[in-house]
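Written below as structure tokens is the structure these notes are about.
Every number in this text was worked out from the coordinates using simple rules, so none of it is lab data. Everything numeric in this text was worked out from a predicted model, so none of it was measured. Here the Cβ is made from the backbone with ideal geometry for all residues, glycine too, and neighbour counts use every protein chain on show.
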Amino acid sequence: MELVVDQEVNIRFSEVDSMGVVWHGNHVKYFEDGREAFGKEYNLEYMDVYRKGFFMPIVSINCEYKKPIQYEQTVIVRTKYIPKKASKLIFEYTLISKETGETLAEGKTVQVFINHNRELQLVTPPFFEEWKSSHGIIHQ
């Protein structure tokens, strides 16, 4: 079972450069919008994780720019969870033009779990194992 969420983003003037094209660093913000929408849809919101005693910092991020995103364009941020047995979260993103359906950018993030003492959790926290199980994500 794939866990995927689509989130619409309307490109604002403050997000573009002098050419009217989205500044490359804003793509990372759109990925964040996608993760927040994913958390709401699948009950994995940041504050819930925090209340369970953990943070989920990003340790790797990648973005491949395919086509310019422009002012006033509507973009669909497709966020897909990639299941892994390891104690981490991997998401893949596709930024899609709502008007044309063209892929504008693709990306990937990797997050790990650390406790509130900022210690890396090499063993998956029990709440996350329960979350995976509740969504039919079982590893052999």
Notebook entry, point to check: For the chain, what does -39500 (n - 2.57) per DSSP helix run (n ≥ 4), summed and divided by total residues, give at 222 nm, in deg cm²/dmol to the nearest 500?
Noted result: -7000 deg cm²/dmol
Notebook entry, point to check: For A86 and K67 in the same chain, what is the full-extension length gain: residue separation times 0.36 nm, less their Cα-Cα distance, in nm?
Noted result: 3.5 nm
Next item on the list: At 0.36 nm per residue, minus the direct Cα-Cα distance, what do F13 and V59 gain on full extension? Give it in nm, one decimal, please.
Entry: 13.6 nm
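For the chain, give me the percentage of DSSP beta bridges that are antiparallel, rounded to the nearest 5 percent.
Taking every DSSP beta bridge with both residues in the chain, the antiparallel ones total about 100 percent.
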Checklist line | Residue list for region 28-55, given a label point 7 angstrom along the Cα-to-Cβ vector of N115 and an amide N cut-off under 20 Å | finding: 47-55
Check: So if R0 is 30 Å, what FRET efficiency would Y50 and S97 give, r being the distance between their Cβ atoms, rounded to the nearest 0.05?
Finding: 0.30
Check: Residue farthest toward the positive end of the dipole of the chain, with Cβ of Lys/Arg at +1 and Asp/Glu at -1: which of V4, T79, S60?
Finding: S60
Next item on the list: Please report, to one decimal in angstroms, the Kirkwood hydrodynamic radius of region 4-134 built from all distinct Cα-Cα pairs.
Entry: 15.6
Checklist line | Length released on extending from I138 to W23, taking residue separation times 0.36 nm less the Cα-Cα span | finding: 37.5 nm
Margin query: Over the chain, what is the relative contact order in percent, taking alpha-carbon pairs closer than 8 angstrom and at least six residues apart?
Written below: 26
Item checked: Phi-based couplings in Hz for region 26-40 (Karplus 6.51, -1.76, 1.60; Gly and Pro marked x) -> 6, 4, 5, 5, 5, 4, 4, 4, x, 5, 5, 5, 4, x, 5
